[in-house]
Amino acid sequence: MKDSDKKQGKSVVNDDVLTYCLRLGDNAMVTSQRLSEWVRNSPTIELDIAFANIALDHVGQARMLYSYAGELEGKGRDEDSMAFLRDEREFGNVLLAELPNGDFAKSVLRLFFYSAWVLPLYEGLNQSNDERLAAIAGKAVLEVRYQLKHSAEWVVRLGDGTEESHKRISDALIELWQFVGELFEADEVENRLADAGIGVDPTSLKGAWDNTINDVFARANLTRPDDDWHLTGGRSGQHTEHMGYLLAEMQVLQRTYPGCEW
Amino acid sequence: MDTATDISIENAHDVERIHDILSQVPDPEIPVLSVVDLGIVRDVRVKGGCVEVDVTPTYSGCPATDVIAHDIETALTKGGYSNATVNRVLSPPWTTDLISSGGRDKLKAYGIAPPVGGRSVTALFGDDPEVPCPRCESKDTELVSPFGSTPCKAHYKCRSCAEPFDYFKCL
Ligand SMILES: [Zn+2]
């Protein structure tokens, strides 16, 4: 291999890891933003506190991923620039994360779907050849496991609860199911990183996810819809109509007062 | 050779003193515990006149992380080590297993039930651990909420003495 080829190979990997970090960071950040919308709106104070705590875990994960992305990019952008000064098309989160909260059942089910996906993702990433990613993921695994347990218990409680709660979570299931297929799609970036032992192949997460979903749905009296079609686009920056509003609210302060701190 | 030995003895003395200083730095959220009790101090190194302290965060989003770094630097400066830096290390991740036995006693005396058992269980469903009431020792307690006033706590209630209490949840 010529030196110039090697150099080019290294910079492709660097760009891929940067893209990957931003996607992971965006998933965590957008999830956190939606969860924090529940603060002071939850059905009970305990659930209010639960969502706030879970949101905090995700914002912490996002900070570490964004900081690392900034270092990889090497243009002086920090975690705040990544979160608050990028545009919609630059966000690579999955569509599931950005959907409006809806009622409590929908938010709990979304958190459950997301946690059941991101847990095996972080577990795999904890073995990454990239030490920094492995360390961030290793920390996150412990937190996400706790969240998965919390959301799974609520899915069972609502699904196996009253007529009203069962109807609400069943409606949420129909609405959200079309967004779960995207979680297991891989593009070139993720394929290259999986081959390099840096990233996790998203298609490999489906087995663990299915097991978790099937176990919990059986306890919750919920029936899995068919996997016939799904919506996609988040990884490449093509978002739902809801994303612009989410970013407008999340970014308004830094957009209005650039660089402001307190 | 002799010089090298002298330096390492001097360093060992410094490291011990620094450890004593750190044992007095309280965790901002649970001030009854020091950062040493909590098990978040990973390493202390003295090189030349510089002190380096490695600290690991309890939770990814722990808002106290920056405050802790600042408090450690301030305490070391007061203790005569003005050239101290605090590094954040992530791996291996902190778990509640790292809370010292002294720390566990302090938590209990403060009214917070210390973490029970080992690391968090991986099973989604299963019996919650038996958490004894920190006030009356009764094991007849119930989980009110798996999330509490800070990221590290869950909320419990004692059925015997009717007191609510915090539980330092297992991670
Ligand atoms: Zn009691």
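Things worth noting here:
- Candidates A:Gly74, A:Gly159, A:Gly124: whichever shows maximal mean-square fluctuation once chain A is modelled as a Gaussian network with Cα springs under 10 Å: A:Gly74
- Sequence of A:Trp262, A:Trp177, A:Trp154 from largest to smallest accessible area, 1.4 Å probe: A:Trp262, A:Trp154, A:Trp177
- Inter-label distance, A:Glu164 to B:His13: 7.3 nm, where each label sits 7 Å from its Cα along the C-beta direction.
- Annotation: extensible slack from B:Ser138 through B:Asp105 equals 10.2 nm (criterion: 0.36 nm per residue apart, minus Cα-Cα distance).
- Mean projected area (nm²) of the alpha-carbon convex hull when chain B is viewed from all directions: 11.3 nm²
- Extension reserve of the B:Cys50-B:Phe125 stretch, reckoned as 0.36 nm per residue once the Cα distance is removed: 22.1 nm
- Interface residues of the stretch A:138-152, defined as those with an accessible-area decrease of at least 50 Å² between the chain by itself and the complete set of protein chains (probe 1.4 Å), are A:Lys139, A:Leu142, A:Arg145, A:Tyr146, A:Lys149.
- Counting all C-alpha pairs of the stretch A:99-219, share separated by more than 25 Å (%): 28 percent
- Label sites at B:Glu163 and A:Glu188, each approximated as a point 7 angstrom past Cα along Cα to Cβ, lie 6.4 nm apart.
- Modelled spin labels at A:Gln178 and A:Glu73, positioned 7 Å past Cα toward Cβ, are 3.3 nm from each other.
- Kyte-Doolittle at least 0.0, axis length at least 15 Å by Cα - qualifying DSSP helices, chain A: A:45-73, A:104-125, A:131-159, A:243-256
- Percentage of interatomic Cα-Cα distances in the stretch B:3-94 larger than 21 Å: 29 percent
- Calculated FRET efficiency for the pair A:Glu241/B:Thr95, C-beta based, R₀ 45 Å, to 0.05: 0.60
- Judged by a Cβ-Cβ distance under 4.7 Å, the unpaired cysteines of chain B are B:Cys50, B:Cys62, B:Cys152, B:Cys170.
- Cα-based Rg / Dmax (Å) for the protein assembly as shown: 23.4, 81
- Rounded to the nearest 0.05, the FRET efficiency derived from the C-beta distance between A:Asp226 and B:Ser23 at R0 = 56 Å is 0.40.
- Shape summary: the stretch B:105-168 maps onto an equivalent ellipsoid whose semi-axes, from the alpha-carbon gyration tensor, are 18, 13, 12 Å in decreasing order.
- Taking each residue as 0.36 nm, the span from A:Ile45 to A:Arg157 lengthens on full extension beyond its C-alpha to C-alpha distance by 38.6 nm.
- Net charge of neighbours whose Cβ lies under 10 Å from the Cβ of B:Arg42, counting Lys and Arg as +1 and Asp and Glu as -1: -1
- Counting only protein heavy atoms and a 1.4 Å probe, the stretch A:1-108 has 42 square angstrom of accessible area per residue.
- Once the Cβ-Cβ distance of A:Ser11 and B:Arg88 is raised to the sixth power relative to R0 = 25 Å, the FRET efficiency obtained is 0.35.
- Calculated log₁₀ intensity ratio I(q)/I(0) where the Debye formula runs over C-alpha points of the stretch A:68-148, q = 0.25 Å⁻¹: -1.16
- Loop GluC sites (Glu not before Pro), the stretch B:80-171, which have at most 14 other Cβ atoms in a 10 Å radius of their Cβ (DSSP): B:Glu130, B:Glu137
- Residues of the stretch A:30-72 falling in the label zone of A:Tyr257, defined by backbone nitrogen less than 19 Å from a point 7 Å along Cα to beta-carbon, are absent.
- Per-selection metrics, the stretch A:150-228 (Cα): Rg and Dmax in Å: 15.5, 50
- Working note: 222 nm ellipticity from helices only, DSSP H runs with n ≥ 4, each -39,500 (n - 2.57), summed and divided by the residues of the protein assembly as shown, gives -17000 deg cm²/dmol to the nearest 500.
The values are calculated or read from the model by the stated rules, or taken from the named source; none is laboratory data. Computed from a prediction, not measured in an experiment: that's the story for all the values here. Note that we place each Cβ from the backbone using ideal geometry, even for glycine, and neighbour counts take in every protein chain shown. Accessible surface is based on the protein model in full, side chains and every heavy atom, while ligands, DNA and RNA are left aside. Shrake-Rupley method; radii C 1.70, N 1.55, O 1.52, S 1.80 Å.
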